[in-house]
1. With respect to the numbered conditions (1) in contact with a strand residue (DSSP E or B) (Cβ under 6 Å, 6 or more places away or on another chain); (2) farther than 26 Å from Val200 by Cβ; (3) modelled with pLDDT under 85, which one is the sole condition not fulfilled by Gly50?
2. Of all residues being in contact (Cβ under 8 Å) with a residue 12 or more places away in the chain and among the acidic types (Asp, Glu) in the stretch 128-162, which is least open to solvent (accessible area, probe 1.4 Å)? Just the residue, please.
3. Can you pull out the residues in the stretch 270-314 that are at pLDDT below 90 and in a strand (DSSP E or B)?
4. What about Leu165, is it touching a residue at least 60 places away in the same chain (Cβ under 8 Å), under 16 Å from Ile254 (Cβ atoms) and touching a helix residue (DSSP H, G or I) at 6+ places or on another chain (Cβ under 7 Å)?
5. Has the stretch 139-157 got at least one residue that is under 21 Å from the mean Cα position of the chain (by Cα) and part of a helix (DSSP H, G or I)?
6. Scan the stretch 215-250 for residues that are touching a Ser or Thr at 6+ places or on another chain (Cβ under 9 Å) and open to solvent by less than 10 Å² (accessible area, probe 1.4 Å) and jot them down.
7. Scan Val109, Val121 and give me the residue that is open to solvent by less than 60 Å² (accessible area, probe 1.4 Å) and more than 23 Å from Glu193 (Cβ to Cβ).
Amino acid sequence: MRKTVAMITLLTVCALCGGVDADTIVLKDRNSISAPVIKESSEHIYVDLGFDILKIPRGSIASIDRSSSPSLKTPSSSIASKALYALGNPQVHSTAEGVQAFGPAVVVVKSPAGLGSGFIVHEDGYLITNFHVIEGQKHFTITQFVQKGAELKHVIHKEIRIVALDVFHDLAVLQIEDEHEAPFPKVVLSMEEPVYGESVFVIGNPAGLERTVTEGILSHAGRLFEGSLYLQIDASVNPGNSGGPLFNGHGQVIGVVNMGSQIMQGLNFAIPVRHVTFLLDHIEAYAYDKGNSESGFVYVSAPPNPSKKTKEGNHE
């Protein structure tokens, strides 16, 4: 009973707090919600309350007024932009469609020490790769593949900035800063937990073989290694795939490929995308500092505790 009352109160508050970009969802119990619709599926819609995401069953909805949000009128483009990334369901129905839609956002990250993959998350050239792909390096090139009619052009970007690093989760944020044809193509990130056994595919550059696509399933949703959980997949990955995107069957990025077994087939791993969104949401806390290339801001050590020294001296 308390839960029902709280829900009605929340819906009433939402109805009174509609914003400029809000949609109006009228429920069958005559309550209404004014908030942006950020994702739709056959069973639910998701609305952004600002402080939380609310999932509403379609069976509870009487109508949706999208008059104030024209960009969301087309269900097939149900994508909501965040600060440095986009969430949503592009409703891709096959691997071929996913590759066509998001392949242009997958790039080659190359340094004097080697190469890996990456993927663009923002039209201003922000991209994600693995920390180990750029570790110890400060100069990179990013190769982008641009389709011009029947010709596939290799566009090499040389002005690359290190934006942020999350060493523990093996993630890095870079930005392409040289002149380019804006906007950059970008991927769409998933806002849901990955489904055990669902279809997945990988786009990357294994052994330098550009734009290689492999397909498989999510073999496990939570393998524990060194204090962190990874997605296990059976889609083939090799050196050069590191930093590339792991897509689900809907074309959403659910992870970042970062390691695989060299002696066992079908045993490969990816970092869950929730660590990517957390990094981008709190990017200032992970900001790159030239004086300390393996972490974010440099924090000085705490001063010694005088009382501890005194006690140690008395003990001696």
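1. (1) is the only condition that Gly50 fails.
2. Within the stretch 128-162, the match that is least open to solvent (accessible area, probe 1.4 Å) is Glu135.
3. Across the stretch 270-314, the qualifying residues are Asp289, Asn292.
4. Considered against the rule, which asks whether it is touching a residue at least 60 places away in the same chain (Cβ under 8 Å), under 16 Å from Ile254 (Cβ atoms) and touching a helix residue (DSSP H, G or I) at 6+ places or on another chain (Cβ under 7 Å), Leu165 comes out as no.
5. Checked against the condition, which is being under 21 Å from the mean Cα position of the chain (by Cα) and part of a helix (DSSP H, G or I), the stretch 139-157 yields no hits at all.
6. Leu218, Leu231, Ile233, Ala235, Gly240, Asn241, Gly243, Gly244, Pro245, Phe247, Asn248
7. On inspection, the qualifying residue turns out to be Val109.
For (1) part of a loop (DSSP other than H, G, I, E, B); (2) of a type in the set (A, V, I, L, M, F, W, C); (3) touching a Leu at 6+ places or on another chain (Cβ under 9 Å); (4) under 17 Å from Asn130 (Cβ atoms), each residue gets a yes or a no:
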site: His220; (1), (2), (3), (4): no, no, yes, no
site: Leu229; (1), (2), (3), (4): no, yes, no, yes
site: Asn241; (1), (2), (3), (4): yes, no, no, yes
site: Gly251; (1), (2), (3), (4): yes, no, no, no
site: Val256; (1), (2), (3), (4): no, yes, yes, yes
site: Gln265; (1), (2), (3), (4): yes, no, no, no
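The values are calculated or read from the model by the stated rules, or taken from the named source; none is laboratory data. Just so you know, these numbers come straight off a predicted model, no measurement behind them. Reconstructed Cβ throughout: ideal geometry from the backbone, glycine too, with neighbour counts over all protein chains shown. Accessible surface areas use protein heavy atoms only, side chains included; no ligands, DNA or RNA. Shrake-Rupley method; radii C 1.70, N 1.55, O 1.52, S 1.80 Å.
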